[in-house]
Structures are given as structure tokens and as C-alpha cells.
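Engineer: Here's a structure for you.
The values are calculated or read from the model by the stated rules, or taken from the named source; none is laboratory data. Remember, predicted model here, so these are calculated numbers, not experimental data. A quick note on method: Cβ atoms are made from the backbone with ideal geometry, for glycine too, and the neighbour counts reach across all protein chains shown. All accessible areas refer to the heavy atoms of the entire protein, side chains included, with ligands and DNA or RNA removed. Shrake-Rupley method; radii C 1.70, N 1.55, O 1.52, S 1.80 Å.
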Amino acid sequence: MKVLITGGAGFIGSRTTQKLIDEGHETVVLDDLSTGFKKSAPSGAHFIEGNVRDGDLLFNIIQKYSIESVVHFAGKLVISESLQQPTEYFGINTRGSLELAKACAKSKVRNLLFSSTGAVYGEGRISGIVSEETIPQPICPYGSSKLMAENIFKKFDEQFGIKTVILRYFNAAGAAMDGTNGQRTAKATHLIHLASQAACGKRSSVNIYGTDFPTPDGTGVRDYIHVDDLADLHVRALSYLQDGGPSDVFNCGYGRGYSVREILKTMQKVSGRQFEIKEMGRRPGDAATRIADASKIRKAFDWTPKWDDIDLICKSAYEWEKTQG
């Protein structure tokens, strides 16, 4: 297929683009490089610098390259930042999705994958384990902006027949197992990325935000999924749509959680390096526990993760960080 990947110079987008190329698809990457890096975009993809909110640009790209399917990553994704810049998040995550949906409808694109988030669930259930049947109740503008985008794509499916798979990520982490790519974010916010930088001596400490959550050790618990497993799910989801699968929503995680303290201890263990850990107060918008019930996607895509190992995830992130300046 000929596939347009918005945000294909980002962490997950670039890894997915490479896997699509490996599967024989022709890929076009659109990225404004506000958070992505051109060197992350695979050399085998056509690269276009531009903004997903530019509807005319989107339409022209789809026409020029005869795009058949779209994978939509472009957006902003930091919970704490979204609380400070809500209009920016709705402008990019929601309006950008609307412009893309309109361009797809106008061009009669029929298959679309949307990069959503487990943050749409908010606090979720008391157990912290959420399925696709859990009613979304986001508690931050990031989650709200993504949920609004989900609803846009659902409406465009109803009206224009754009079949859409919505993938709700939990916490993507690690680095490519072949060592070719990893997180390059200029201002790291993801815990494992921060911990890998501390293990490499690039930062003096890592903060724990909240030690009084109702969890076994008082710190937040999250479900971490290796970026290569997540990229593989995108390839499978695209094949699912190509084979006539109906629109649907799927959680992307492993179904188990690790606390902030556990992650930091794991990074210290696999790196053999100690670093200072500081305890801070809770941040607004952070849920205590968020773990994916991922049974639906395992069954639908006949998927068994390859890299479901928190030591391996942390180790791959650390080894990648050591190669970065």
C-alpha cells in the first residue's frame, strides 16, 4: 500500500514507518519537526515538512502520492504541558485530526489508524485496569483532546466510510532492538527516558511525583509497552483494515503495571549506575494506576508480544541513550 504517516519523525511514528517499509509498503512521512527529528524518519520514506492542520497540504499529499491508507501520529502528548497549554493541545490534537479526516473524506481514503492514548480513561476503574468497555473520563486536556479526535474519526466513518482503528497506547518505552532508533526528545518527560539519561550521567536526578497514591509503594503504576511491539501492532492493524476489518478501538499494553519506584530501581540494576531520586508532590492530571486490559487486541490480531520484559525495555533505552551526544 501507499501509506501517509503523520508525525513519522517521532519516536513511535518513525519506528512504525520503518516496519511498514520492511513489509514492502511505500511510505510518505509528514512532520513539522516541532518534536520529531528528521534523522529519525527512515531514509526509505518520502519526507515532507509540514503541519497536520494544513488541510490543503494534506489533500495535495494524498493526491500526489495516491495515498491509500493513513497512520496518524502527529500531536502533542505531555499531560503536565497540556494543563498549561490546553488550547494548543486542542488545536493540534483535535483540529489537526479534523483537517486530516476532511482531507481523507475528500480524497476517498478508506483506511486510517489513529494514535490515541490510555489517558482517555482518566482515573479508570478502582483496580486501575481498563478495557475498551471502560467509559472514557479524561482528567487532563491531553486525554480530552485525543478523545475528541476519536469521536471525529468515528463520525467520519459513519458519514464517509473511512474505516478507522483507534489504538489507545499506554506507555511506549525502550528503543529499537536493532539499535537504530530511540527517544530523542529534546525535553524528556517519559520516566524510562528520564531514568536512562540519569543512568548515563546526563541529569543529576529523577523526580518521583507523588508518594501517597493508593498503590503498594505509594507511587504511580503504569503499563509499559516496548516500542517495537507497538510498531508491530500498527502493521497488524493496517493489514486488518486492508482485509476488510471493521472500525474498532484497541488498548495497546501488556496488562501488567510497574510503579515509578520499580522502574527507577530496574534502570539502576540494568545499567549498573546509581542516581539520585527526589520525592516531590503529586502533579495534577496524574492517575494512580493505569493498566491495559489488552486481551481484545491479542485475540483480534493473533498477537503475542515479543519484548514483554521490563528489564529488557529499560536496558534497550539505556543502551540507546549511551549512543546519544
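Engineer: Need the C-alpha centroid separation for region 1-62 versus region 63-140, integer Å.
Structural biologist: For region 1-62 versus region 63-140, the Cα centre distance is 17 Å.
Engineer: In nm, to one decimal, how far is the modelled label at LYS155 from the one at MET280, with both set 7 Å along Cα→Cβ?
Structural biologist: Between LYS155 and MET280, the simple spin-label model gives 3.7 nm.
Engineer: For region 1-127, treating each Cα as an identical point scatterer without solvent, what Debye log10 I(q)/I(0) comes out at q = 0.12, 0.19, 0.21 1/Å?
Structural biologist: Ignoring solvent entirely, the Cα scatterers give -0.44, -1.02, -1.20.
Engineer: Okay, next question. When the chain is fully extended, how far beyond the present Cα-Cα distance does ASP302 get from LYS269, taking 0.36 nm per residue of separation?
Structural biologist: 8.5 nm
Engineer: Below 13 angstrom from the Cβ of ALA9, what's the summed charge of the other residues (Lys, Arg +1; Asp, Glu -1)?
Structural biologist: Neighbourhood net charge equals +1.
Engineer: What accessible surface, in Å², does a 1.4 Å probe find on SER115, ignoring ligands, DNA and RNA and rounding to the nearest 10?
Structural biologist: My reading of the accessible area for SER115 is about 10 Å².
Engineer: Then there's this: Using Cα pairs under 8 angstrom and six or more residues apart, how large is the relative contact order of region 131-212, in percent?
Structural biologist: Here the relative contact order equals 12 percent.
Engineer: For a label point 7 angstrom out from the Cα of SER34 toward its Cβ, which stretches of region 91-107 have the backbone nitrogen within less than 13 Å?
Structural biologist: Answer for region 91-107: 91-97.
Engineer: Looking at the chain, send over the antiparallel percent of its DSSP beta bridges, to the nearest 5.
Structural biologist: Looking only at bridges with both residues in the chain, the antiparallel portion is about 5 percent.
Engineer: Another question, if that's okay. Ranked highest first by average number of other Cβ atoms within 10 Å, how do 8-15, 232-239 line up?
Structural biologist: Highest mean packing first, the order is 8-15, 232-239.
Engineer: When the helix-only estimate is applied to the chain (DSSP H runs of n ≥ 4, each -39,500 (n - 2.57), divided by the residue count), what is the mean residue ellipticity at 222 nm, nearest 500 deg cm²/dmol?
Structural biologist: -11000 deg cm²/dmol
Engineer: Assuming R0 = 56 Å, can you tell me the calculated FRET efficiency for the pair LYS106 and ASP212, based on Cβ-Cβ distance, to the nearest 0.05?
Structural biologist: Once the sixth-power term is evaluated, E becomes 0.65.
Engineer: Just the number please: accessible area per residue for region 55-119, 1.4 Å probe, all protein chains included, in Å².
Structural biologist: Heavy-atom SASA per residue in region 55-119 reads 40 Å².
Engineer: Can I ask one more? What distance in nm separates the two pseudo spin-label positions at LEU57 and GLN324, each 7 Å out from Cα along the beta-carbon direction?
Structural biologist: 2.4
Engineer: Evaluate the distance, in nm, between pseudo-label points positioned 7 Å from the Cα of SER43 and of ARG256 along their respective Cα→Cβ axes.
Structural biologist: Computed distance between label sites SER43 and ARG256 equals 3.9 nm.
Engineer: Could you look at the chain and say what percent of its accessible area is carbon and sulfur, using a 1.4 Å probe and all protein chains?
Structural biologist: The value for the chain is 48 percent carbon and sulfur by accessible area.
Engineer: Which net charge results when you count Lys and Arg as +1 and Asp and Glu as -1 among the other residues whose beta-carbon is under 13 Å from that of TRP303?
Structural biologist: Every neighbour counted, the sum reads 0.
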